[in-house]
Amino acid sequence: MLLNSKKLTRGAMIAGLYIVITYFLAPVSFGPLQFRAAEALTVLPIIYPEAIPALFIGVLFANIIGGLGLIDIICGSLVTLLAAYMTYYFRDTILAYLSPIVLNGLLISIYLHLLFKLPYWFTVIQISFSEAVVIFLIGYPLVKYLKSNMRT
């Protein structure tokens with residue numbers, strides 16, 4: 001019972017952190033040219049399976065705040081859910097870190113390029129680049145730190 005409470009609490013904290021970070025950095029967190037720092041949390045399924053639904057919920061609520069509409073709320077959340085699952089599935093390989101970069105770059109760009117009338121591949125490059133920067137500069141060290149200081 002205590003273990004389930006711990007996982008539920010950790011999941012809620014991950015979702016809450018995602019929402020708060022995105023909200024406070026809203027000017028750079030939305031649109032075709034974005035730098036969403038909260039995406040560093042997308043690698044947490046490597047060590048915490050409960051991060052999968054937590055990230056889905058965090059993105060869902062963050063995108064409600066974001067104002068890009070139903071397409072971003074639904075599609076953004078579903079892409080994150082898929083990326084989080086793939087991150088967990090490939091948790092022992094570099095693919096865990098690449099999953100959110102590639103999926104967000106290729107899939108989120110589909111509707112962002114349509115909404116903002118920008119070339120698709122330009123949007124893919126920008127989203128993928130910003131995602132890679134956040135994941136490798138913040139997410140990777142975060143996972144490394146948590147793994148080395150993890151308690152059961």
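Things to note:
- Cα-based reach from Lys7 at 22 Å (exclusive), listing lysines while leaving out same-chain residues under 8 positions away: Lys144, Lys147
- The angle separating the long axis of helix 77-89 from the principal Cα axis of greatest extent in the chain is about 40 degrees.
- Degrees separating the helix 120-134 axis from the principal Cα axis of the chain, which is the longest one: 30 degrees
- 3J(HN,Hα) from dihedral phi, the range 14-24, Karplus parametrisation 6.51/-1.76/1.60, rounded to Hz, x for glycine, proline: 5, 4, x, 4, 4, 5, 5, 4, 5, 4, 6
- For the range 27-34, Karplus couplings with θ = phi - 60° (6.51, -1.76, 1.60), whole Hz, Gly/Pro x: x, 10, 9, 10, x, x, 10, 10
- Computed [θ] at 222 nm, deg cm²/dmol, the chain (DSSP H ≥ 4; -39,500 (n - 2.57); rounded to nearest 500): -20000 deg cm²/dmol
- Here the range 13-64 is treated as a sphere whose radius is the Kirkwood value from Cα pairs; by Stokes-Einstein at 37 °C and 0.692 mPa s it diffuses with a coefficient of 302 µm²/s.
- Rg and Dmax over the alpha-carbon atoms of the chain stand at 14.7, 51 Å.
Quick note: the coordinates plus some simple rules give every number you see, no bench work behind them. Note that the coordinates shown come from a computational prediction; the quantities given were computed from them, not determined experimentally.
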